[in-house]
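Read through the structure below, which is laid out as structure tokens, and then see the notes.
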Amino acid sequence: MTDARLDDAARAGWLYYVAGNTQDEIARKLGVSRQSAQRLVAMAVSERLIKVRLDHPIARCMELAQRLTDRFGLIRCEVVPSDPDAPGLLTGLAIAGAAEMERHLKAAEPRILALGTGRALRACTEQLPRMACPQHRIVSRLGNMMEDGEATPYNVVVRMAERVGARHYPMPLPVLARSASELSVLHAQTAVRNTLDLCARADATFVGIGQIDAEAPLVIDGFMTRAEAAALAGQGAVGEITSWVFDAEGRVLAGGYNARVASAPLDRAGEAPVIGLGLGAAKVPAIRGALIGGLVNGIVTDEATAESVLAG
């Protein structure tokens, strides 16, 4: 029996015996038929995963996911086990994020998937299987070039489109405009207006969550100086999503750096899934702020990060 099958059985067992879900609810949450849900619950018992407690490593992760869901009103939450010897390891997060992406990509009806950028999202795309999804459209929420025209690192729209055979819409802009007036001109372009419209109509959105400090992804990738990061932190900034900087309450800061951000607007998440990805102690304030402010309504993270977010 495969580890993946045991994971599914453990998840079904937890939902049934601990969370009190019906088999119909389990089938809906796991995306399987009712008969498959019944078999998974039975397997959890036959494989002795169910005792007084769920005897499986993901039990703690599922408990943390439920606590995050209840506390922040999330519509999707996935917590993967942490590796104490490699706290920054992205593999588990990437596999879970890719599984969530694949759930949308498998839909027969046309869907629009909007993507941010960054290391976590790039790792997710590398975990996606090869698929044929010509009915879907994949759109970038932020520019795909540096100020001098060089391609940005970790842009994922093209890479995902190559793997799944979907139409794709990069945003033909620099990540940052030189001024607010230049930004208005850039956003007036027909191609950009179309891209922004697709972002607004996305059926699901996936974004990385970054911190604001000297080692922030925006600093490492050349979009912000260490002095700018320090100044923003002094103004209360804790994190960023698609370059939009926000504070501990999830409020996007007005003016300044944000006045030059060319990305699609960062609003409170609505009914469609907006899934944030991130892990690590440095990102905890940013993840917590994004959750408090409703900038995301779903999260994929690891056990240690989830515990720290809930402790705040």
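The values are calculated or read from the model by the stated rules, or taken from the named source; none is laboratory data. No experiment lies behind these values; they were computed from the predicted model shown. Please note: Cβ atoms are built from the backbone with ideal geometry, for glycine as well, and neighbour counts cover all protein chains shown. Accessible surface areas use protein heavy atoms only, side chains included; no ligands, DNA or RNA. Shrake-Rupley method; radii C 1.70, N 1.55, O 1.52, S 1.80 Å.
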Distant-in-sequence amide H partners of Leu279 (H built 1.01 Å from N, under 5 Å): none
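Rounded to whole Å and ordered largest first, report the semi-axes of the equivalent ellipsoid of the range 183-312 derived from its Cα gyration tensor (root of 5λ). Each step should come with its number before you reach the end.
Values: eigenvalues 112, 76, 27 Å².
Value: 24, 19, 12 Å, ordered largest first.
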Share of carbon and sulfur in the accessible heavy-atom surface of the chain [1.4 Å probe, %]: 52
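Explain nothing, just the number: relative contact order of the range 16-112, from Cα pairs under 8 Å at least 6 residues apart, as a whole percent.
On the way: 46 pairs, mean separation 12.0, N = 97.
Dividing the mean separation by the residue count of the range 16-112 yields 12 percent.
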How large is the charge dipole for the range 132-282, taken about the Cα centre, if only the Cβ atoms of Lys, Arg (+1) and Asp, Glu (-1) carry charge, to the nearest 20 debye? 440
May I ask you to evaluate 6.51 cos²θ - 1.76 cosθ + 1.60, the Karplus curve with θ = phi - 60°, for each residue of the range 262-276 and list the ³J(HN,Hα) values in order in whole Hz, giving x for glycine and proline? 8, 5, 4, x, 9, 10, 4, 5, x, 7, 6, x, 10, 9, x
Length released on extending from Arg103 to Glu126, taking residue separation times 0.36 nm less the Cα-Cα span: 6.7 nm
I want to make sure I understand the PRE zone here: with the label point 7 angstrom from the Cα of Ala42 toward its beta carbon, which residues in the range 7-22 have backbone N atoms less than 20 Å away? 7-18, 21-22
List every residue whose amide H lies under 5 Å from the amide H of Thr205, counting only residues 5 or more places away in sequence or on a different chain, with H placed 1.01 Å from N in the peptide plane. Ala114, Val274, Ile275
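Report the extension gain between Gln189 and Met146 in nm, rounded to one decimal, defined as 0.36 nm multiplied by the number of residues separating them, less their alpha carbon distance. Write down the numbers at each step before the final one.
Working: separation 43, 0.36 × 43 = 15.48 nm, distance 1.81 nm.
Here the answer is 13.7 nm.
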To the nearest Å, what is the center-to-center distance of the range 234-312 and the range 160-230, using C-alpha atoms only? 15
